[in-house]
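The values are calculated or read from the model by the stated rules, or taken from the named source; none is laboratory data. It should be emphasised that the depicted structure is a prediction, and the values quoted were computed from it without experimental measurement. Note that we place each Cβ from the backbone using ideal geometry, even for glycine, and neighbour counts take in every protein chain shown.
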Amino acid sequence: MRNEEWERWGDQEGGLREKQQRTTNNEQLTTNNEQRTTNNEQRTTNNEQRTTNNEQRTTNNEQLTKELIMQIGVPKEIKDQEFRVGLSPNSVRVLTDRGHDVFVETSAGVGSGFSDRDYQLAGASIVADAQAAWDRELVIKVKEPLKSEYQLIKSEQILFTYLHLAANKTLTERLIDSGVTAIAYETVERDRTLPLLMPMSVIAGRLSVQFGARFLERQQGGRGVLLGGIPGVAPGQVTILGGGVVGTEAAKIAVGMGAKVQIFEINVERLSYLESLFGSRVELLYSTAGAIETAVPNADLLIGAVLIPGKNAPTLVNRSLVAKMRPGSVIVDVAVDQGGCIETLHPTSHSQPTYVESGVVHYGVPNMPGAVPWTATQALNNSTLPYVIKLADLGIEALDTDPALAMGLNVNQHQLVHPVVKQVFPDLAARTAEFSLA
Ligand SMILES: NC(=O)c1ccc[n+]([C@@H]2O[C@H](COP(=O)([O-])OP(=O)(O)OC[C@H]3O[C@@H](n4cnc5c(N)ncnc54)[C@H](O)[C@@H]3O)[C@@H](O)[C@H]2O)c1
């Protein structure tokens, strides 16, 4: 082929290739355009979805505003050495996210490791004094109101806290007079368990052995016994009265330390459960006066852990039996908040936790978990929060929707309503009737 022919042929070929390229490009463009159209359609669908979601959110928010916006107060605890607080910042956040207003007394959470700033970040308002925290529709606390707080309790207010009224007639009278709706953590009952007592019982049970071991040290007034012993020297004897939550947790720690452990329990089913848990590592005994009389004089550490819900604890160890214990032995009566089950024991405090009677070291702090507030506040909140949410969302009507919470009601509209506390104070139950007639 001559050069010109080659060039012409080349031009033709090039034109053809260009054409093909253009066609390919056009096809690509068409594909891209189709893709874009699909993407745009997808975007439109997404936007529609977003609009629907936003509408849904608006509806939800409207729904929320239709429910109660509760004013919730969190006072600082004033009981001796009590560092727990009714709501943690995480709980506050849950409540403020639901549209409620939370008012926390300044430095209420400091003892548990939470600053005012932590609460502010969770959406709470910090108020300067107890009055401003108490002056709310729903008050969340840890311990029962003390005398200086009585004047702050208001009628038409819901108080949700530990109350232990069976051991405190003055407070019971005060609550009846005030017209407050008082719901006690310790009598909220679900499936025959006490879910708001349980986390504190777990902590108190574990602490009872930790403290008991410390008070057995010579420098603390104890007889100088190492609970776990050492090869060649016998371990200490831990005797536990009551094999419920406190007793079981105490036994776990004592067994872990290597002590000899026995539990006295009146409920046979519970004894079977304890056997499945501990096997032969714990001596399990049915609780009778005779069996307790035999065991107590040999105990290095005696732990009181019985409970008859809503009632004063039964006295299982009397004065003369305490006198038979070896000097320097230790009694930790965890049941002291229900009056205690050891005759010689009276309530003590974290700042003066022990005293000696008949040569035996007595410990009776009614708010033991207050010693470990960082753990205890969070453990308590994990259990109380679902009920706090219900009370915040529904107010007093929450009691109609939740039978477990309804069991917590102790005093309502000048009436003593909890059946067991009524039995403890028949005169106050009668006075209640007078109020309802008036
Ligand atoms: N001091 C504190 O800081 C603190 C903290 C938490 C709980 N507590 C108290 O500890 C006590 C025990 O609480 P819990 O959660 O373990 O209760 P629980 O109901 O789980 O256990 C109590 C056990 O005592 C048993 N019992 C009743 N009468 C008995 C008897 N005569 N002899 C032997 N056992 C008997 C019951 O059968 C039950 O198993 C309660 O008074 C509670 O208020 C105190």
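What the table below lists for this structure:
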read-out	value
The listed residue being at pLDDT 95 or above and touching a Phe, Trp or Tyr at 6+ places or on another chain (Cβ under 9 Å), out of GLY205, GLY228, GLY222	GLY222
Hits in region 216-255 (condition: part of a helix (DSSP H, G or I) and more than 16 Å from the ligand (Cβ to nearest atom))	ARG218, GLN219, GLN220, VAL255
Odd one out for GLN262, checked against (1) crowded, with 19+ Cβ neighbours inside 10 Å; (2) free of Cβ contacts under 8 Å to residues at least 40 places away in the same chain; (3) assigned to a loop (DSSP other than H, G, I, E, B)	(3)
Residue satisfying all of: in region 162-190; away from the ligand (no atom under 13 Å from the Cβ) and of a type in the set (Asp, Glu); nearest to GLU137 (Cα to Cα) among these	ASP177
Selection count, region 84-111, where residues are assigned to a helix (DSSP H, G or I) and of a type in the set (A, V, I, L, M)	4
Of the criteria (1) touching an Asp or Glu at 6+ places or on another chain (Cβ under 9 Å); (2) within 16 Å of ASN168 (Cβ to Cβ); (3) buried (at least 20 other Cβ atoms within 10 Å of the Cβ), which one SER349 fails	(3)
Residue that is nearest to ILE140 (Cα to Cα), among those in region 392-405 that are buried (at least 19 other Cβ atoms within 10 Å of the Cβ) and over 16 Å from the mean Cα position of the chain (by Cα)	ALA392
Residue under evaluation GLU293, criteria (1) part of a strand (DSSP E or B); (2) more than 10 Å from the ligand (Cβ to nearest atom), criterion not met	(1)
In region 154-172, residue modelled with the lowest pLDDT [restricted to those that are in a helix (DSSP H, G or I) and crowded, with 18+ Cβ neighbours inside 10 Å]	ALA167
Unique match (being touching a residue at least 12 places away in the same chain (Cβ under 8 Å), surrounded by fewer than 22 Cβ atoms within 10 Å (Cβ to Cβ), assigned by TED's automatic domain parsing to the domain that holds VAL202 and touching a helix residue (DSSP H, G or I) at 6+ places or on another chain (Cβ under 8 Å)) among PRO309, PRO314	PRO309
Residue under evaluation ASN267, criteria (1) within 13 Å of the ligand (Cβ to nearest atom); (2) surrounded by 23 or more Cβ atoms within 10 Å (Cβ to Cβ), criterion not met	(2)
Unmet requirement for ILE331, which otherwise passes all of (1) more than 9 Å from the ligand (Cβ to nearest atom); (2) in a loop (DSSP other than H, G, I, E, B)	(2)
Residue within region 208-215 that is touching a residue at least 24 places away in the same chain (Cβ under 8 Å), within 11 Å of the ligand (Cβ to nearest atom) and surrounded by 17 or more Cβ atoms within 10 Å (Cβ to Cβ) present	yes
Qualifying residue in region 347-368 (condition: assigned to a helix (DSSP H, G or I) and near the ligand (Cβ under 9 Å from one of its atoms))	yes
Residue check for THR315: more than 14 Å from the ligand (Cβ to nearest atom), part of a loop (DSSP other than H, G, I, E, B) and not aliphatic (A, V, I, L, M)	no
